[in-house]
Amino acid sequence: MTGTGGSVANFSVWDYVVFAATILASAGVGLFQAIRSRKDTSSAEFLLGGRQMTAVPVAMSLTASFMSGITVIGTPAEAYRFGIAFWTFGFSYAIMSIATAELFVPLFYRLGITSAYEYLEMRFSRPIRLIGTSLFIVQTALYTGLVIYAPALALNQITQLDLWGVLVATGAVCILYCTLGGLKAVIWTDVMQMVIMLAGFVAVIARGAVLQGGLGKIWEDAEIGGRLEAFDFDPDPRKRHSFWTIVVGGSIMWCSIYSINQSQVQRYIACKTLGHAKMSLYVNMVGLWVTVSLAMFSGLTMYSIYKNCDPLLNGDISTSDQLLPYLVMDILAAYPGIPGLFVAAAYSGTLSTVSSSINALVAVTVEDFIFPIWKDLTPKQVTWLNMGLSVFFGGLCIGMAGVASAMGSVLQAALSIFGMISGPLLGLYLLGMFFRTTNSIGGLVGMMIGLALTLWVGIGSQLYPATDDMTNPLPLSTAGCNNTGTDSTTATPWTSSGPLTTQLDHRPPLADTWYSLSYLYFSLFGMLTTMVSGLVVSIITGGCKQKKMNSDLFVRRKDLICFTCFQDSKEPHDTEKDVADLHMGVDNSAFTDFDVMSKEPEKATKL
């Protein structure tokens, strides 16, 4: 039956056992960390792992959070439908890692912050900080709902697992170890989940290679099918994926995710030294390369098997996001437990992302909304507050899964959410970090203009999706299907649009121009409009006449590796600490001060 269409086997008893054991193991790791840290119930321990994490587990946690169920499900389908152009995101990951490690991490680490949005109050004003936090909460709730819902829906229709039962169970497991174990439980659980996810990809590729006669055959089929054309240098900004949209737009998009998003920043500042914080990003970069490579080759394996009988055109599945689960049940059902491992891999990605989101949402809520109002909370009250908020946000993310069901293809929808909101926020941070001219009025107006324009184009693109000549789906066939009603050899490629994108037949004039802008340019567009308008408004409102500001709020030359090495060899240092700081090998003094403060009863809630 493999590659010829038709129904596939259902879960066996061993699949259920492996799946359940994997999920319970995730909860067990989190509970172990909770028990291990039970004597230290401070907010610093819960939200930042005691600021004693090292580079490798943090890097694996960063990669695992990236490898959500959306990545496991959506990226192979991307390669199957559009080829390996997505592979060139490797360039974007490198640019993002360097920019984040050398510009943003030293700044946040030096300031000793807990919430990434504390910087906005330090540099601009408290209202801007609260707006930034609110945008993060909305964005994260939407994205997490998509992360929970999309894999669950795809796997439900293949494995017959109850959809909402699994959704609630997923949220419950995350809530359990997030509530009891905090960030340390999240990070160490991510490490285990990353290993499981990679194992799922390897199992698909290995079995596919056996069935198709080797990896060389898979590569040959992909080449014949036009799936290996990775570099398209067409500068048209409406092209969904070209070299320019991925490398230029994608780099900015990933910077907006990794540089200022609380879910990621919280991990860097949990590292015990700046050196570990920077190194976690570079190790994560390698992890991203490995992840995308395995996901892309899983998609090529899927194409090699189904090149003559596309399951969606044949009516075997209902959306493209079910392709990989369908393949798994098709080629691995003969090996009891292996399909269960793959489903566990997809859900491990979901657990990782959801738990990270919950922990980050708790951190920004406590730091940005609660502590400034209630300053006399006792350590015990703070502990119960953290746990209660973990439960609340876990429930909210499950509830948002229903909203996410209307977002269409999971991979593009997920990245579009980040682009529409994080792009303007990134522009605001860059205004603050690089331009002393920028004032709070300019920052606020610039962010509002950037946000309004990106939401306009982003929502418009959801209502009126780009046509095939901009998305470039590749041809597929149903000629080899056993039960197809057609004899087409290159049937028209399909799209996986949601309800929003299928009901609106009338296309306004902007649909094929403005609304067809590649989703990868949303962040770049939002960042540029925020910076330009913010600078103009700041100059008009007297930004050039601002008083001298704290230099710690700006990017320093010595933050960068190249200047650090130069200064280390050419310039004298006043103290041993200066030399140690240049080598990034000591604890951050700001964090040490916070830790000391946290041990004073009257300041216990201040970390």
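The values are calculated or read from the model by the stated rules, or taken from the named source; none is laboratory data. Since the structure is predicted, the reported quantities are computational estimates derived from the model, not experimental observations. Here the Cβ positions follow ideal geometry from the backbone for every residue, glycine too, while neighbour counts run over all protein chains shown.
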Q | Answer from Ile158, Ile128 - the residue that is among the β-branched types (Val, Ile, Thr), farther than 28 Å from Ala59 by Cβ, at pLDDT 80 or above and over 18 Å from the mean Cα position of the chain (by Cα) | A | Ile128
Q.
Suppose we filter Phe32, Phe104, Phe91 for residues that are modelled with pLDDT under 90, assigned to a helix (DSSP H, G or I), among the aromatic types (Phe, Trp, Tyr) and more than 20 Å from Ala346 (Cα to Cα); which single one remains?
A. Phe32
Q: Look at the range 204-242 and say how many of its residues are in contact with a Pro (Cβ under 9 Å, 6 or more places away or on another chain) and either surrounded by fewer than 17 Cβ atoms within 10 Å (Cβ to Cβ) or more than 20 Å from Val328 (Cβ to Cβ) (or both).
A: 3
Q. So which of Tyr326, Tyr306 ends up being of a type in the set (Phe, Trp, Tyr), within 25 Å of Leu215 (Cβ to Cβ) and in contact with a strand residue (DSSP E or B) (Cβ under 9 Å, 6 or more places away or on another chain)?
A. Tyr306
Q) Are there any helices (runs of 4 or more DSSP H) wholly within the range 220-330 with 2 or more residues that are under 30 Å from Val362 (Cβ atoms) and more than 21 Å from the chain's Cα centre (by Cα), and if so which? A) 274-306
Q. Is at least one residue of the range 336-359 surrounded by fewer than 19 Cβ atoms within 10 Å (Cβ to Cβ), touching a residue at least 12 places away in the same chain (Cβ under 8 Å) and not hydrophobic (A, V, I, L, M, F, W, C)?
A. yes
**Q.** Thr478 vs. criteria assigned to a loop (DSSP other than H, G, I, E, B) and at pLDDT 70 or above
**A.** yes
Q) Within the range 498-518, can one find any residue that is among the hydroxyl-bearing types (Ser, Thr, Tyr) and at pLDDT 85 or above? A) yes
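Quick grid of which residues meet (1) under 23 Å from Tyr521 (Cβ atoms); (2) of a type outside the set (D, E, K, R); (3) touching a Gly at 6+ places or on another chain (Cβ under 7 Å):
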residue: Leu426; (1), (2), (3): yes, yes, no
residue: Leu430; (1), (2), (3): yes, yes, no
residue: Ile441; (1), (2), (3): no, yes, no
residue: Gly450; (1), (2), (3): yes, yes, yes
residue: Val457; (1), (2), (3): yes, yes, no
residue: Tyr464; (1), (2), (3): yes, yes, no
residue: Thr471; (1), (2), (3): yes, yes, no
residue: Ser477; (1), (2), (3): no, yes, no
Q.
It is to be established whether one or more residues within the range 382-392 are in contact with a Lys or Arg (Cβ under 9 Å, 6 or more places away or on another chain), of a type outside the set (S, T, N, Q) and touching a residue at least 40 places away in the same chain (Cβ under 8 Å).
A. no
Q. If the Cβ limit is 8 Å and pairs must be 6+ apart or interchain, which residue in the range 81-101 that is over 18 Å from Pro473 (Cβ atoms) and touching a residue at least 60 places away in the same chain (Cβ under 8 Å) pairs with which residue that is crowded, with 19+ Cβ neighbours inside 10 Å and charged (D, E, K, R)?
A. Ala101/Lys278
Q: Quick one: Asn359 ticks every box in (1) in a loop (DSSP other than H, G, I, E, B); (2) modelled with pLDDT under 85; (3) not basic (Lys, Arg) except a single one, so which number is it?
A: (1)
Q: Return the total of residues in the range 187-219 being under 24 Å from the mean Cα position of the chain (by Cα) and without any contact (Cβ under 8 Å) to a residue 24 or more places away in the chain.
A: 1
**Q.** Exclusive hit being within 30 Å of Arg81 (Cα to Cα), at pLDDT below 70 and crowded, with 20+ Cβ neighbours inside 10 Å, set Ala414, Ala491, Ala401
**A.** Ala414
Q: Starting from the range 16-45, take each residue that is closer than 22 Å to Trp384 by Cβ and list its partners that are of a type in the set (Val, Ile, Thr) and modelled with pLDDT under 65, counting only C-beta distances under 8 angstrom and pairs at least six apart or across chains.
A: Ser43/Thr605
(Q) Just the residues that are in contact (Cβ under 8 Å) with a residue 40 or more places away in the chain, over 20 Å from Phe89 (Cα atoms) and either acidic (Asp, Glu) or in a helix (DSSP H, G or I) (or both), please, taken from the range 505-525. (A) Leu510, Ala511, Asp512
Q. Name the residues in the range 428-469 that are among the acidic types (Asp, Glu) and touching a Pro at 6+ places or on another chain (Cβ under 9 Å), would you?
A. Asp468
Q.
I need the full set of residues from the range 446-464 which are buried (at least 19 other Cβ atoms within 10 Å of the Cβ) and over 12 Å from Leu120 (Cβ atoms), in order please.
A. Gly446, Ile449, Gly450, Leu451, Leu453, Thr454, Val457, Gly458, Ser461, Gln462, Tyr464
